[in-house]
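So the structure is just underneath, and the comments pick up after that.
Coordinate-derived values only; no laboratory data. Small disclaimer: the values here were computed from a predicted structure and weren't measured. Positions of Cβ are generated from backbone atoms using ideal geometry, with glycine treated the same way; all protein chains shown enter the neighbour counts.
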Amino acid sequence: MSSKNKSVNLTSDSSSIELDIKEASVGPSVVDLKNLYKETGLFTFDPAYSTTASCVSHVTYIDGDEGILEYRGYPIEQLAAKSTYLEVAYLLFNGELPSVNNLQEFRSQVKANMILPEQTKTLFQGFDESAHPMAMLTTSIASLSSLYHEGIDVKNYKHQKEFFFNVLGKTPILVANIFNHRNHTNMGQYDEDLTYAENILRLFFGGDTNYEINPVFAKALDILLVLHADHEQNCSTSSVRLAGSSGTNPYAAIAAGVAALWGPAHGGANEAVVKMFGEIESKENISKYIAKAKDKNDRFRLMGFGHRVYKNFDPRATIIREECHKVLNALENNNNPMFELAQELEQIALQDEYFIERNLYPNVDFYSGIIYQAMGLPKEMFTVMFALARTVGWATHWCEMMAQPKLKIGRPRQLYLGEERRNYISIDQR
Ligand code: SDX
């Protein structure tokens, strides 16, 4: 294959085809394969989509080799240090940071949607108290499609915007209902004078009138929400886009994203990391578990380590580790054996040839659970917190896809290795 200017040539024994290159504004450009099958009879084969660009997007840019993450061009480090989650939500959806008035208007549009219909509230009574929070979130988000369906035109910008603010407003209330349903506690009340993150803590714990919001927790939660807000075409966002490409109800498409996020290879890793720390138990056991992670005959993986895109530090992990220090230092009893174990495990792994050779570094899920646990959340709620933050990313990508002039349903092909055509044999002949 030779490459010149804006195209590449693909040559086989019998033919040669010129494929256009679409230039990126930043990062890798792409080879446009739309004519490949027609002109060569060949499909491409990329089962986990490691090198496949599934869409055009303007939202988030990641450079895995350099450990870069930018929302609409703004580096994640600056956004985590200087913006709030609602500012970032505005930025992701609108493409620009908000003015004071923009932000106030945006906040009131989210707030106006923070009321759950009675039918949705009663849904939670149907869940067993041991039901996993992600099962309850997948179900309750999907249930919104039973209430908001008639009349939605997915290609209508006004309807897309209504959906965006509705799902952004409903999700924190669903998440707070899930938390309080499991705890047999009452949900706290939203307070206009509080920040978005302070209100999340109040909705969770505010049913106890003696509850006081710890500002260090509120700040750390806001940063966690910013860091988890979007991440390009990850598994759950791609699930939202693929489901949405059929023109399905947008709440049903978001439920597809929640379901995909639950997996331990994806957002479910933050819960799996804390389970893993519990299993490792003490620093003395670290080398045994590092050996298990390296043993190809053992399915054990070092949860919170490795990433499909980042072959360097996940910039979010660095920020979260720093937040961990701040949160734990703010606690009276700030010795947190789990945090010490995590840091020791990180140090040992990062010096081990196996992890170095494979560019395996801590990812966004390695330290986040330690902060959520310090705030008083059970590990089963960690992935729900990830989904709470990522809802703005999913909704933004769904809206970006719907704004495309031509919506094409996603429909991959396959490498078929099954039986060749053959004739039916009646049962008495078998
Ligand atoms: C998220 O995509 C996103 O953007 C996701 C996300 C987001 O914000 O949306 O960033 C959020 O999902 C973060 C990832 C959370 N998952 C985990 O922490 C689970 C543990 N990590 C792994 O399962 C794994 O690293 C993945 C799933 C994250 C990435 O897997 P890949 O890209 O498919 O890599 P691979 O499985 O092909 O691994 C390459 C090699 C293999 O060894 P060899 O066959 O080459 O000898 O690295 C090894 C793997 O065995 N490896 C690990 C490992 N991760 C990869 N070995 C031990 N422990 C690990 N964690």
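How many times 2.2 N^0.38 Å is the alpha carbon radius of gyration of region 7-53? Working shown, then result.
On the way: Rg = 11.8 Å, N = 47, 2.2 N^0.38 = 9.5 Å.
Scaled against compact globular proteins, the figure is 1.24.
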Karplus-derived 3J(HN,Hα), 6.51/-1.76/1.60, for each residue of region 196-207, Hz, glycine and proline x
4, 5, 4, 5, 4, 5, 5, 4, 6, 10, x, x
To the nearest 10 degrees, the tilt of helix 337-350 (Cα long axis) against the first principal axis of the alpha carbons of the chain is 30 degrees
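About the Cα centre, and with charges only on the beta carbon of Lys, Arg (+1) and Asp, Glu (-1), how big is the dipole of region 7-53? Nearest 20 debye, please.
Working: 3 positive and 7 negative charges, 26 e Å.
Dipole size: approximately 120 debye.
Could you list the square roots of 5 times each eigenvalue of the Cα gyration tensor of region 200-326, that is, the equivalent ellipsoid semi-axes, sorted largest first and rounded to whole Å?
Numbers: eigenvalues 154, 131, 43 Å².
Working from the Cα gyration tensor, I get semi-axes of 28, 26, 15 Å.
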Within 12 Å, Cβ to Cβ, of Thr396, how many net charges do the neighbouring residues add up to if Lys/Arg are +1 and Asp/Glu are -1?
+1
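Pairwise over distinct Cα atoms, reciprocal of the mean inverse distance: report the Kirkwood radius of region 315-430 in Å, one decimal place. Walk me through the numbers before you get to the answer.
Numbers: mean 1/r = 0.0518 Å⁻¹.
So the Kirkwood estimate lands at 19.3 Å.
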log10 I(q)/I(0) for region 95-207, Debye formula on C-alpha points only (no solvent), q = 0.14 Å⁻¹, two decimals, reads -0.64
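Full-extension gain between Asn156 and Leu331, please, as 0.36 nm times their residue separation minus the C-alpha to C-alpha distance.
Working: separation 175, 0.36 × 175 = 63.00 nm, distance 4.91 nm.
Result for the pair: 58.1 nm of gain on full extension.
By counting other Cβ atoms within 10 Å of each Cβ, how are Phe339, Phe305, Phe366 ranked from fewest to most?
On the way: Phe339 21, Phe305 24, Phe366 29.
Going from sparsest to densest Cβ surroundings: Phe339, Phe305, Phe366.
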What are the ³J(HN,Hα) couplings of region 99-116, residue after residue, when phi is run through the Karplus curve with 6.51, -1.76, 1.60 and θ = phi - 60°? Round to Hz, x for glycine and proline.
7, 4, 5, 4, 5, 5, 5, 4, 4, 6, 6, 5, 4, 4, 9, 8, 10, 8
Here, Leu194 and Lys22, labelled 7 Å along Cα→Cβ, have an inter-label distance in nm of 4.4 nm
Using a basic spin-label model with each label point 7 Å from the Cα along Cα→Cβ, how many nm lie between Lys296 and Asn186?
6.0 nm
Given labels modelled 7 Å from the Cα in the Cβ direction, how far is it in nm from Asn35 to Ser146?
5.1 nm
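Could you tally the net charge around Gly67, taking each other residue with its Cβ under 13 Å from the Cβ of Gly67, Lys/Arg +1 and Asp/Glu -1? All intermediate terms of the calculation are to be shown ahead of the outcome.
Numbers: positive: Lys311, Arg316; negative: Asp63, Asp65, Glu66, Glu70, Glu77, Asp314.
Neighbourhood net charge equals -4.
How do Trp394, Trp262 line up, fewest other C-beta atoms within 10 Å first? Intermediate values should be presented prior to the final figure.
Details: Trp394 31, Trp262 22.
Placing the least packed residue first, the sequence is Trp262, Trp394.
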In nanometres, the difference between 0.36 nm per residue of separation and the alpha-carbon distance of Asp208 and Tyr74 is 44.4 nm
Round to the nearest 10 and give me the degree value, 0 to 90, for the angle of helix 365-375's Cα axis relative to the longest principal axis of the chain.
20 degrees
Helix 250-261 vs. the chain, principal-axis angle (Cα, 0 to 90°, nearest 10)
90 degrees
To one decimal place, what orientation-averaged projected area in nm² is obtained for the convex hull of the Cα set of region 55-407?
18.0 nm²
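Size of the dipole of region 55-407 about the Cα centre, Lys and Arg at +1 and Asp and Glu at -1 on the beta carbon, nothing else charged, in debye to 20? Don't skip to the end; give the middle numbers.
Values: 30 positive and 42 negative charges, 173 e Å.
It comes to approximately 840 debye.
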Lys and Arg at +1, Asp and Glu at -1: add these up for the other residues within a Cβ distance under 11 Å of Ser287 and post the number.
+1
Find the centroid of the Cα atoms in region 355-430 and in region 332-348, then give the distance between the two in whole Å.
30 Å
Please give the contour-minus-distance gain from Glu118 to Ala135: 0.36 nm per residue of separation, less the Cα-Cα distance, rounded to one decimal in nm.
4.1 nm
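Would you list Asp193, Asp295, Asp63, Asp314 from fewest to most Cβ contacts within 10 Å?
Numbers: Asp193 6, Asp295 11, Asp63 17, Asp314 27.
Going from sparsest to densest Cβ surroundings: Asp193, Asp295, Asp63, Asp314.
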Please work out the C-alpha center-to-center distance from region 20-45 to region 263-323 and express it in whole Å.
35 Å
Taking a spot 7 Å from the Cα of Asn359 along the direction of its beta carbon, which residues of region 243-269 have an amide N less than 14 Å from it?
none
